[in-house]
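**Student:** I have a structure here, written as structure tokens, and I will follow up with some questions on it.
The values are calculated or read from the model by the stated rules, or taken from the named source; none is laboratory data. Please read these numbers as outputs of a predicted model, since none were measured by experiment. No Cβ is skipped: glycine too gets one built from the backbone with ideal geometry, and neighbour counts run over all protein chains shown.
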Amino acid sequence: MTASSQTLGTRPYVAELLQALIRHDTTNPPGNERECAVYCRDVLNRAGIAADLLGDDPNRVNVVSRLPGRGNAPPLLLYGHIDVVPTAAQPWEVPPFEGRLQEGYIWGRGALDMKGGVAMMMDAFMRAHLEGTDLPGDVILALVTDEEAGGHTGAEWLVDARPGLFEDARYAVGEFGGFSKTYRGRKFYMVQVAEKQGCRVQAIARGPGGHGSLVHHSTAPTRMAEFLVKLDRMALPYHIHPVTRMMIEAMSSSLPMPDCAFLKLLLNPTFTGRMLRRMGTAGQEMEPLFRHTANATIINGGEKANVIPSEVVVNLDCRMLPGYDSEDLLGELQDIAGPDIEFQVVNFQPKPWLLNMGLFDTLASIIAEQDGEGVSVPMLMPAGTDGRHFARLGIQTYGWMPMNLPADFDFLKTIHAANERVPVSALEFGAEALHHLLQRFHE
């Protein structure tokens, strides 16, 4: 639907809103989110809500709006990004920007990450205005650009250039959690309360160069190859982070024996690795929550086919647990590599380590009311979100886009992949939960 087809003083159906958002191709790079941002502003305007387009790049503007509350609670921030990752070379069964409704699902890039969440937020925001919902405090809606590439024109710019927009806000709701996940027959809703830190590291191997026709040993390429094999086969040390501990304790308390006891063994570093391996796919998904990770992404070395290079450089995409710094990571990498590899930090911006659980019980109670089988648990996000930017203002983000998903639906494997899709029923569930939150965030 177009904004102009929306009757004044109404809001579009949440599924139709998502379809329209998907049809705006905001692949990042390059982003070009302006057309989508203008659409969002116009939809809000036709619902009777003022909204501004803000940014330092006219092609990459953010949408910001505010609903006044009665002042009994600090402002609540709702934020989501409107850019999406590329679809090139992925085997899609449907056109990724068609926004097709098929067999109860909306298909398309961004259906989960995170135009589906944006549609739910906009629906709850417009509903609160149109129904005259009694809001405990002001509610701020920010639809931002560039999250998939660092948030430089989006959340980062807003925090740096317009921090007053978020004055006094303590809590924010954004991506990445809120989805349901079934484990051992129990349905858990994963509420993101912290995220890992990104760190780019270069691994450098040096060795004797020479002519490719001669016999060489301990060259830079072989030394680097030996390190990469070690990195593949040896896990970095396990750490029991406070948020991961809370997650495992909450999950285990909801499971019967022996599943309860088995899960708790994860909290003993002596057994963590062994237990994760025994858990199969579930263990693979959980493992990044227990340690730093480092993956080779770009390999550079050599200029001619017949010359042994004296230096090989590998870029490592590293993700660190909250509260650690780059020196901790480098020490662990050096222990695996030994003396033949040098490490240099290329890019590391420490994230403020915040943990304010004051809103968690409210979110959990809303889920329990809408899904009596659901148990909410805190989650550490293994990657990064725009939450790191808002944390600089002292704002605690809850990744809470509530979705009651089928037990066989794999959320984590569907985002960023071909055939990204979301059940319409999950959109309706989330929009309803968010509307309840707007009435209760003072609790």
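**Student:** Quick check on my filter: what residues within region 387-443 are of a type in the set (D, E, K, R) and out of contact with any Pro (no Cβ under 9 Å at 6 or more places or on another chain)?
**Tutor:** 408, 410, 413, 421, 428
**Student:** Hey, another quick one. State all residues of region 156-186 that are of a type in the set (Lys, Arg), assigned to a strand (DSSP E or B) and buried (at least 18 other Cβ atoms within 10 Å of the Cβ); if no residue qualifies, say none.
**Tutor:** 181
**Student:** While we're looking at this one, here's another question. How many residues are loosely packed, with under 15 Cβ neighbours inside 10 Å, without any contact (Cβ under 8 Å) to a residue 24 or more places away in the chain and outside any strand (DSSP E or B) when one looks only at region 281-303?
**Tutor:** The total comes to 3.
**Student:** Hey, among the residues in region 74-84 that are in a loop (DSSP other than H, G, I, E, B) and buried (at least 19 other Cβ atoms within 10 Å of the Cβ), which one's farthest from the chain's Cα centre (by Cα)?
**Tutor:** Per the stated criteria, the residue is 75.
**Student:** Another question about this same structure. Restricting to region 306-337, what's the tally of residues that are part of a loop (DSSP other than H, G, I, E, B), surrounded by fewer than 20 Cβ atoms within 10 Å (Cβ to Cβ) and either polar (S, T, N, Q) or more than 29 Å from the chain's Cα centre (by Cα) (or both)?
**Tutor:** Total satisfying the criteria: 2.
**Student:** Sticking with this structure for a sec: Could you run through region 47-70 and say how many residues are aliphatic (A, V, I, L, M) and part of a loop (DSSP other than H, G, I, E, B)? Write out each step before concluding.
**Tutor:** Narrowing region 47-70 to residues aliphatic (A, V, I, L, M): 47, 49-51, 53-54, 61, 63-64, 67.
Subsequent filtering for residues that are part of a loop (DSSP other than H, G, I, E, B) retains 47, 49-51, 61.
Final tally of qualifying residues: 5.
**Student:** List every residue pair whose Cβ atoms lie under 6 Å apart, where the two residues are 6 or more positions apart in sequence or sit on different chains, the first residue falls within region 414-443 and is more than 21 Å from residue 129 (Cβ to Cβ), and the second residue, located anywhere, is among the basic types (Lys, Arg).
**Tutor:** Pairs found: 420/109.
**Student:** Related question: Anything in region 395-443 that is among the small types (Gly, Ala, Ser) and either crowded, with 21+ Cβ neighbours inside 10 Å or at pLDDT below 95 (or both)? List them, or say none.
**Tutor:** If the condition is that a residue be among the small types (Gly, Ala, Ser) and either crowded, with 21+ Cβ neighbours inside 10 Å or at pLDDT below 95 (or both), then 399, 407, 426, 430, 431, 433 are the ones that fit.
**Student:** In addition: If a residue has to be part of a helix (DSSP H, G or I), of a type outside the set (Val, Ile, Thr) and without any contact (Cβ under 8 Å) to a residue 60 or more places away in the chain to count, how many in region 210-235 make the cut?
**Tutor:** Of the residues in that region, 3 qualify.
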